[in-house]
1. On the basis of being over 19 Å from residue 227 (Cα atoms) and either part of a strand (DSSP E or B) or at pLDDT 95 or above (or both), does residue 151 make the cut?
2. Being at negative phi and assigned to a loop (DSSP other than H, G, I, E, B) is the filter here; which residues of the stretch 589-633 pass it?
3. Residue check, residue 394 against (1) surrounded by fewer than 18 Cβ atoms within 10 Å (Cβ to Cβ); (2) closer than 27 Å to residue 303 by Cα; (3) touching a residue at least 24 places away in the same chain (Cβ under 8 Å), all met but one. Which one?
4. What are the residues in the stretch 546-588 that are in a strand (DSSP E or B) and within 23 Å of residue 530 (Cβ to Cβ), if any?
5. Taking the stretch 177-201 as the region of interest, how many residues are more than 19 Å from residue 87 (Cβ to Cβ) and modelled with pLDDT of 90 or more?
6. Go through the stretch 195-205 and count every residue that is within 20 Å of residue 139 (Cβ to Cβ) and buried (at least 16 other Cβ atoms within 10 Å of the Cβ).
7. Looking at the stretch 325-438, what strands (runs of 3 or more DSSP E) fall wholly within it and have at least 1 residues that are out of contact with any helix residue (DSSP H, G or I) (no Cβ under 9 Å at 6 or more places or on another chain) and more than 30 Å from residue 86 (Cβ to Cβ)?
8. So how many residues does the stretch 154-180 have that are in a loop (DSSP other than H, G, I, E, B), under 48 Å from the mean Cα position of the chain (by Cα) and within 16 Å of residue 237 (Cβ to Cβ)?
């Protein structure tokens with residue numbers, strides 16, 4: 001079993017460090033935590049307060065795993081077949097491991113996490129449980145049907161093993177053992193097999209002299225002792241049993257029962273007693289409606305000071321997180337309780353319960369979802385603690401808003417006898433306003449806080465961007481001006497452009513303070529359709545706002561004709577003349593874009609008007625050129641014209657606005 005042994009020097013160091021922690025604990029306590037363990041079984045757990053390490057034995061894995069106080073694995077010691085019971089030396093320099101697989105007790109350096117010695121206990125002894133008392137290391141050994149207590153004397157240069165310390169033949173298995181520094185010559189033992197059996201021994205002489213015994217079929221509740229732990233002064237023994245919804249406490253002087261720590265659960269599997277007397281009892285259940293948990297009691301109290309429930313990694317219930325015997329251990333300064341849990345999938349976790357002596361406090365805060373700026377609002381809530389709250393309890397209140405981003409302390413709110421509180425406030429700033437309510441806690445109660453957020457109204461400013469809907473020639477330099485109306489303090493605008501087809505999305509083109517007229521301008525060269533937006537981030541009394549302006553950019557397009565035999569100016573236009581036996585060559589040059597096509601549109605002059613003669617799209621090459629030969633039978637005597645155009649969407653893209661080239665006039669002659 002586990003002994004919370006610390007030397008005088010170690011005790012002083014722990015006391016000093018504990019005082020330093022209390023003195024500096026201005027913020028909330030460290031939260032409970034959970035971490036995965038690389039083990040496939042759990043034998044025992046022990047805590048080294050000097051190095052702040054937790055040691056867990058893994059019988060099926062044949063190893064001991066060491067973690068820090070957060071559960072982070074920092075080392076593994078292997079080659080320990082069926083490693084089970086753990087014990088810590090008085091100076092916290094060594095962890096001893098009972099290794100029944102090799103009939104040995106193995107010493108591990110707690111600083112280096114390396115093996116420093118092996119001590120044989122005798123063939124077939126199967127040592128399983130350890131305790132330091134009377135200057136010796138005691139071990140419970142044996143198998144089902146036969147067990148006893150042995151000792152290992154490490155004080156001299158030659159180690160000495162003494163077996164069969166119990167002459168009465170009491171034990172039908174390897175007994176559990178425990179001892180405490182407060183009663184250095186007392187050794188407690190208990191059986192997990194057959195009937196409920198307890199024994200108390202005086203080991204001051206170097207041998208185990210039994211001073212009290214409780215056993216037999218009619219003893220106590222007639223069931224097995226799953227785990228046991230002595231109180232700090234050694235006057236009482238707390239026993240976990242699977243027989244009822246309670247844990248029994250016995251006087252070590254005569255093993256008469258004193259009190260019972262009640263529980264709403266059966267299957268009491270684990271127990272540990274802290275150096276300050278706190279009693280922790282762990283349960284194990286397969287009931288789908290129950291969560292395995294640890295109940296923590298003040299000495300002699302029948303109401304738990306705190307209950308810590310254990311769920312699986314997804315918040316599941318008991319069938320995914322089970323607590324086993326021997327899997328509870330307090331830190332030497334009583335600041336934490338460590339528990340090993342496992343699920344039906346055989347995944348193990350180290351649970352860390354912080355401030356185990358304190359009753360858990362919960363705080364709620366409720367504020368209206370919305371409110372008007374500069375108008376009174378009310379925030380209410382409740383502080384709950386199983387111990388109740390002292391008269392005159394107050395909660396600190398902090399308001400965080402745009403004008404006080406680091407929080408502003410408001411007058412404390414007084415908690416009523418039923419735990420409720422309320423306060424009013426007039427929020428000076430709009431936007432997201434958070435009210436945080438904090439209970440400071442105390443020696444017996446954990447600190448707790450809660451917050452709620454109010455969306456407080458703000459004025460909506462005027463914001464515009466000019467040029468919306470305008471069309472511009474390709475590569476035109478266009479100046480956009482954003483105008484911002486009245487605001488509270490902020491006079492800064494950010495101007496963005498979103499250019500069609502460039503894959504960049506919206507990007508910043510200018511940030512600045514508006515001029516005295518409320519204006520901020522930027523000049524852009526437009527080669528594609530562009531959306532310009534102005535963004536105002538808001539201030540404490542003015543809401544954020546965005547305004548946009550869309551403008552279109554045309555493409556460059558030109559069309560040239562070749563293979564004509566002459567030109568002439570007709571009605572102010574250049575007219576191209578082709579022989580009817582010649583196929584005109586039409587070359588279009590247009591702003592390039594991947595996959596773009598141009599449209600050739602033909603018209604013929606008839607009955608006093610230009611009339612459509614058809615159109616067709618032709619793909620442009622990567623440089624934006626398209627060469628088309630006009631073939632077929634050419635009719636003479638008609639006036640015709642042709643132009644190249646980019647048609648948004650129909651030309652296979654949408655990045656520019658529809659652009660028509662100029663008409664080219666031509667005719668065929670004999």
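1. yes
2. Correct list: 591, 592, 593, 594, 596, 620, 621, 622, 623, 630, 631, 633.
3. Of (1) surrounded by fewer than 18 Cβ atoms within 10 Å (Cβ to Cβ); (2) closer than 27 Å to residue 303 by Cα; (3) touching a residue at least 24 places away in the same chain (Cβ under 8 Å), only one is false for residue 394: (3).
4. 546, 547, 548, 549, 550, 551, 552, 553, 557
5. Total satisfying the criteria: 1.
6. Keep residues of the stretch 195-205 that are within 20 Å of residue 139 (Cβ to Cβ), which gives 197-205.
The next check asks that each one be buried (at least 16 other Cβ atoms within 10 Å of the Cβ); those that pass are 197-203.
Summing the residues that are within 20 Å of residue 139 (Cβ to Cβ) and buried (at least 16 other Cβ atoms within 10 Å of the Cβ) in the stretch 195-205 gives 7.
7. Fully inside the stretch 325-438 and qualifying: 361-366, 377-385, 394-400, 408-414, 420-425.
8. 1
The values are calculated or read from the model by the stated rules, or taken from the named source; none is laboratory data. As the structure is a prediction and not an experimental result, all values here were calculated from the model. Ideal geometry is used to build each Cβ from the backbone, glycine not excepted, and the neighbour counts take in all protein chains shown.
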